[in-house]
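Have a look at the structure below, then the notes.
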Amino acid sequence: MTEMIYRDLGKTGLRVSILGYGASPLGNEFGAADPKEGIRAVHYAIEQGINYFDVSPYYGRTLAETRLGEALAGGYRDRVILATKAGRYDKGRETGFDFSAERITRSVEESLVRLQTDTIDVFQIHDIEYGRREQIMYETLPAMFRLKEAGKVRFVGITAYPLGILCDVAETVELDTILSYCRYNLMDTAMDDRLAPLSARMGIGLINASPLHMRVLTNLGAPDWHPAPKRVLEVGRQVAEYCLSQGVDVADLAMQFVLQHGHVATTLVGMSKVRSVERNLKSVGVAPDPELLATVQEMIEPVADVVWKEGRPENDDPGAVDKAS
Ligand code: NAD
C-alpha cells in the first residue's frame, strides 16, 4: 500500500492528500462512466488515504455531483474534504455562466442536496475568466464570504485556466484557495512563474488540476473537445509513443512529475475507475527517471507553455493563441 503524503491547504488548517480525486469523469466528461464502478473508485480512493474530492455542478450538468453524493453516502462524507464550485453550469458562453450573488447563493443549496451533506468544505467560483473582474471581486466573492459566515461553506476559493487573473484577484481579495488547471504538468509549467510563489507568500492553498493535460498525457490521447492547439496535441502523442517505446506509461511519468512539486497542496486527477486510482497512487513519492524526463522535456520544448484563449478576451494570458488552432 502506498504511503500517502499530506500537506497543509494554505492557512485553512486542513491537511490534504497530495493526490486528490477529480470527479469530473463521474459526470461522463471523458465518455460514459459506469456508475457502480465510479462508487467503487471513490470508496477505494478513500480507503487508500485520498481525502480531497473536487467536483462542480458543471461536470455532467449536475451528474457528477449527484454520483459523488451517492458514493459518499453511508459514512464516507465525514472522511473527506469536499470541494465544489458555482458560477458555471452549461457549455454555452452566453448561457453557461452566472456569477451573480443570487445564483451563487442558490447554487450552494442545490449542491448540498446533490452531495447529500450540510456543508461544503471548499466552495470555489468556477472559471472566473468567463466573468467580469469587477463582478467576481465585488459581487461574487462577497456572496461566497457571506455563505462562509453562515456556515454553509468552510472555505472560499477561485478557479481558472489563465494565470494572470488568478494572481490579480488574489492580490485584491483575501482567498483561502486557488485552483489552476492545465498549467503545471509536463507540457506547461507556467503556474510556477507567478502563481505558485504568490500562493506560498500569501498562505493560499494551491490546487493543481489536470496533471494529465486532460488526457493528452495518456496512451488514449486527447478527447475531441480538447482546446489545445493541434501542434501541442501532436507533441503529446509523440511523447506518449516515445515513453511506450521505453516501456513506460506516459501517465505514470506525468503523475510522478507533478507530485514532486514542493508547494502544491493537492494535485487533482480525474478518475472514475478503481484501476486509475490504483495506478495513480503508485506515483506518490516516486521521482521520475531523470534521463527519461530530460528527453521528454526536450521533445516538449518547442510547444512548452503554449497557452490558449479561454474566457473573456481581457482575461487571457499574454500570448494566448486560438483554441484548437
Ligand atoms: P486530467 O488531466 O486529470 O485527466 C483525466 C482523464 O485521464 C480521465 O479521462 C481519466 O480517466 C484519465 N486518467 C486518469 N488517470 C489515468 C491513468 N493513470 N492512466 C490513463 N488515464 C488516466 O484532467 P481533468 O479530469 O480535467 O482534471 C482533474 C480534475 O481537476 C477534474 O476532474 C476536476 O475535478 C478538476 N478540474 C477543475 C477545473 C476547474 O475548476 N476549472 C478544471 C479542470 C479540472
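The values are calculated or read from the model by the stated rules, or taken from the named source; none is laboratory data. Just so you know, these numbers come straight off a predicted model, no measurement behind them. As a convention, Cβ positions derive from the backbone with ideal geometry for all residues, glycine included, and neighbour counts pool all protein chains shown.
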In this structure, does T177 turn out to be over 21 Å from D8 (Cβ atoms) and either buried (at least 16 other Cβ atoms within 10 Å of the Cβ) or under 16 Å from the mean Cα position of the chain (by Cα) (or both)?
-> no
By residue number, the members of the stretch 196-214 that are over 15 Å from the mean Cα position of the chain (by Cα) and assigned to a loop (DSSP other than H, G, I, E, B) are G203, I204
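One line per residue, one yes/no per condition, for (1) modelled with pLDDT of 95 or more; (2) aromatic (F, W, Y); (3) part of a strand (DSSP E or B):
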site: T140; (1), (2), (3): yes, no, no
site: R146; (1), (2), (3): yes, no, no
site: G151; (1), (2), (3): yes, no, no
site: F155; (1), (2), (3): yes, yes, yes
site: T159; (1), (2), (3): yes, no, yes
site: G164; (1), (2), (3): yes, no, no
site: E174; (1), (2), (3): yes, no, no
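Please state which one of V264, V250 is within 24 Å of V286 (Cβ to Cβ), more than 8 Å from the ligand (Cβ to nearest atom) and either under 15 Å from the mean Cα position of the chain (by Cα) or of a type outside the set (A, V, I, L, M) (or both). Show your work before the answer.
Numbers: V250 fails: either under 15 Å from the mean Cα position of the chain (by Cα) or of a type outside the set (A, V, I, L, M) (or both).
None of the other options fit; the residue is V264.
The rows are residues; the columns are (1) in contact with a helix residue (DSSP H, G or I) (Cβ under 9 Å, 6 or more places away or on another chain); (2) modelled with pLDDT of 95 or more; (3) closer than 22 Å to V16 by Cβ; (4) surrounded by fewer than 16 Cβ atoms within 10 Å (Cβ to Cβ).
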{"site": "A33", "(1), (2), (3), (4)": "yes, yes, no, no"}
{"site": "A45", "(1), (2), (3), (4)": "yes, yes, yes, no"}
{"site": "T95", "(1), (2), (3), (4)": "no, no, no, yes"}
{"site": "E109", "(1), (2), (3), (4)": "no, yes, no, yes"}
Report, by residue number, each residue of the stretch 269-325 that is in a helix (DSSP H, G or I), within 16 Å of the ligand (Cβ to nearest atom) and hydroxyl-bearing (S, T, Y).
-> S276
